[in-house]
Structure formats: structure tokens, C-alpha cells
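The structure under discussion appears below in the form of C-alpha cells.
The values are calculated or read from the model by the stated rules, or taken from the named source; none is laboratory data. The model shown is predicted, which means the values in this text are computed figures rather than measured ones. So basically every Cβ, Gly included, is an ideal-geometry build from the backbone, and we count neighbours across all protein chains shown. For the accessible areas, the whole protein counts, side chains as well, though only heavy atoms, and no ligand, DNA or RNA atoms are used. Shrake-Rupley method; radii C 1.70, N 1.55, O 1.52, S 1.80 Å.
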Amino acid sequence: MKPPFNPFIINAYQGKSFFCDREKELETLIQHIKNDRNIVLYAWRRFGKSALIHRLFEDLEGSNEFETIYVDLLATQNLGESIQAIASGIYEKFGKTSSGIGATLHKLLASIGASLNFNPHTGFPEISVNLRKPEKATESLHALGVFLKSRKKRIVLAIDEFQQISEYEPQAEAIFRTWVQEIPEVRFIFSGSHRSMMEAMFTETKRPFHQSSQLEALNPIDLVKYTDFIRDHFLKAKKEITESSISKIYELSRGQTYTIQLLCNKLYSTYQQISETEVSLIFQQILDQQKVIYANFQKILTRTQWNVLKAIAKEEPLFNPFAKEFIAKHDLGATSSVRTAIKALEKQEMVIQDQGAYLVHDVQLARWLTQI
């Protein structure tokens, strides 16, 4: 892998040198896997859970004891599409080698009714699966499981945005749970960015995945760790950044990994010496670039929802959105209307509850809202 020009990565995992901390989390995840425990890894969006999984995979593959597969269900809408995503992940991992496994995989894909074609625009292979009945989905998952069990090394399969299956057909969760039980040799990491949905799937007594995995919530990286990481990369490039500037970056970003990385990426590419002034200038540029998108939310939301969203951003952190003082201060109208608006905003994941506080989920949107 070629080293990046900018050490503050904002797209995909590019190696240990450009990954900040998470040592305790890595140790915990490895202990779960080596002791045959499946994992639920959940965090709000853009906290770096996918990068953490790839960082974990690098260590697991390096041990020569495991083979790892990463699958993202974000774009899937039903069982068939999820199985297609899993089959594609397996093909990406094992179908391009010269060890003869390619023929085995082609046979496997045929057995689940999948076809392998090449995209005429990109030239890359694409797998399509046509599954219309639950029993066919069960058979296909079984075949994929048999293949995974046949591998000489232990398989670790990470399924990202796993909460999507709760939006599939009614029996989808039960089908997946049965599949997981069929292949105890395979370790699963169920990852998701909708904390409440993930918690519900694995803690509610009537849900198929109840108490089936170890829950691990991903929290912000410690400021001290991030300070060392940021300062070291600037020093390597003979650039200077003050400790107060790093604290400001962390505060503006609410500890959110993506926004910290984005801010540092732009500061690194623009200045030799960084103070709080430069941090403020770059952050404002980021908000200005997003304002066309953010302004459209006013057209999408009802007036009350929009006003409540702005009020929550300006009061961050807000612990009681139904308090008379808060409602009167922002002229939000009846308490019942505020309650209805917040319920709708939470459903859209625009507002979240974190440690008892109501927050606008997108930290950049939250900071922009405070300016209007």
C-alpha cells in the first residue's frame, strides 16, 4: 500500500501509522475473538468503528491464525441483498487467488443461485443473487457457512451496519441468528452506527439475538492520546501546532473522529504553523462548504422540527428539551409539538441521546446551526 500524502486519513484505513490509539479496545476485541465470543461493536456515525475493524483485522491476519472478511450492509434492503453482500465479501477475500479456490467459489456461488458478471463501466466483478423465498435464503446462508467452516484458519466475519436487518422481512433476524448458530467455528463482529437499534436487537428478550454477543460501545478517543498523535504527525513534517489548537479541534469536533481528521487534514495541507486562529478559519471553511446541503434541511423538515433542531444545537448539551424555560426561550410552542418533533428527529437520526443529553447527531451541522 502506498503511503498517503497527508497523514490525517479521512477516507479508508491505511495502516497502523495513520491510526490513532484504540489500544484498549483492540485488546478487548482480540480477547473476545480468541475466547470464541461474538461481538457487538456500536458507535455513532463517524467515530471510526469501520477503521477500528480494519485495524483489528491487520493484527488478526498478522498472527497467521485467522482469515478476515468485511461486509457492509448499509445499502441493502432485504435478505437477498444482504446475502449478495456476504457472497461478494467472500469472493473478494478468496476468489482472486491462484491457489485453486476460485473454482471452488464459483461452484459455491452457483449452488446459491448467484451469478458472477463484470461491470462494463468499471471492469470489476459483480455478484448478483436472486432470492425470493425465505427458505432459499436459509439454504444460501447454509451453503456459505459450510464454505467458511471448511477453511483451515478460523474465520472472523465483520458485518457492518448490521442494524439494517431489522428493516428487512419480519423473519430476517431469526434467519441470521440460526445461521450464526450453525457455524460456531466462525467469529462474528456485528457492527452498527445506530446505537439504540443495535442495543435493542441484542438486549430485548424477545429478539432472536438476545444476549448472544458481547456489547462493546465505541466512545471518543481520549484527548491526550489524540494530542500526541496530531502533534507527532505535524512535527514529522516540520510543522508546528499548539496544544491549545489541538484542544480546540477536539472541542469543535465533539471528539468525533472523522471531523478531527478532516480538520487536521486541511490544517496540515494549508499551514506550517497552526494556532487557534487557523483552526477557526479552517473549521469555518468546512461549514461554509456544507451550508448548501444543510440549508436544504429547512425545506425537508416541518417548521417546528427545524426550530427544535436549531434550539438543541444552540443549547448543547441539552438535558431536558421539555422544560418550560427551554421551550419559552426558543419560542417552540406547545410541549406536545416539541415532543412530536423530537420523536421525528430521533427517528431520522438527526437528534440523538447520548449520556442523558440531547444532541444534533452531525456535529458539523450542529456547529452551523449555532450560527444562524
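Couple of notes before you dig in:
- Meets criteria (of a type outside the set (A, V, I, L, M, F, W, C), open to solvent by 20 Å² or more (accessible area, probe 1.4 Å) and either in contact (Cβ under 8 Å) with a residue 40 or more places away in the chain or in a helix (DSSP H, G or I) (or both)) for Gln181: yes
Quick grid of which residues meet (1) of a type in the set (Lys, Arg); (2) more than 25 Å from Gln163 (Cβ to Cβ):
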position	(1), (2)
Phe5	no, yes
Asn11	no, no
Ile30	no, no
Arg37	yes, no
Leu52	no, no
Gly80	no, no
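- Hits in segment 184-200 - residues which are of a type outside the set (Val, Ile, Thr), open to solvent by less than 10 Å² (accessible area, probe 1.4 Å) and in a strand (DSSP E or B): Phe188, Phe190, Ser191, Gly192
- Flag if Ile312 is open to solvent by 30 Å² or more (accessible area, probe 1.4 Å), closer than 18 Å to Val363 by Cβ and either among the hydrophobic types (A, V, I, L, M, F, W, C) or not in a helix (DSSP H, G or I) (or both): no
- Selection from segment 85-102 of residues that are at pLDDT below 85 and either over 24 Å from Glu61 (Cβ atoms) or touching a helix residue (DSSP H, G or I) at 6+ places or on another chain (Cβ under 6 Å) (or both): Gly95, Ile101
- Selected residue (criterion: most open to solvent (accessible area, probe 1.4 Å)) from residues of segment 1-34 that are touching a Leu at 6+ places or on another chain (Cβ under 9 Å) and in a helix (DSSP H, G or I): Glu25
- Ala43 small (Gly, Ala, Ser), modelled with pLDDT of 95 or more and open to solvent by less than 70 Å² (accessible area, probe 1.4 Å): no
- In segment 293-314, the residues that are among the hydroxyl-bearing types (Ser, Thr, Tyr) form Cβ pairs under 7 Å with partners that are open to solvent by 40 Å² or more (accessible area, probe 1.4 Å), at six or more places apart or across chains, as follows: Thr304/Gly333; Thr304/Ser337.
- Residue under evaluation Ser166, criteria (1) open to solvent by 50 Å² or more (accessible area, probe 1.4 Å); (2) of a type outside the set (Phe, Trp, Tyr); (3) more than 15 Å from the chain's Cα centre (by Cα), criterion not met: (1)
- Candidate set from segment 201-223 (those that are in a loop (DSSP other than H, G, I, E, B), open to solvent by 70 Å² or more (accessible area, probe 1.4 Å) and not charged (D, E, K, R)); member that is nearest to Gln181 (Cα to Cα): Gln211
- Of the helices (runs of 4 or more DSSP H) that lie entirely inside segment 236-307, not one contains 1 or more residues that are among the aromatic types (Phe, Trp, Tyr), surrounded by 21 or more Cβ atoms within 10 Å (Cβ to Cβ) and out of contact with any helix residue (DSSP H, G or I) (no Cβ under 8 Å at 6 or more places or on another chain).
- Filter result for Gln284 (free of Cβ contacts under 8 Å to residues at least 24 places away in the same chain and closer than 21 Å to Leu263 by Cβ): yes
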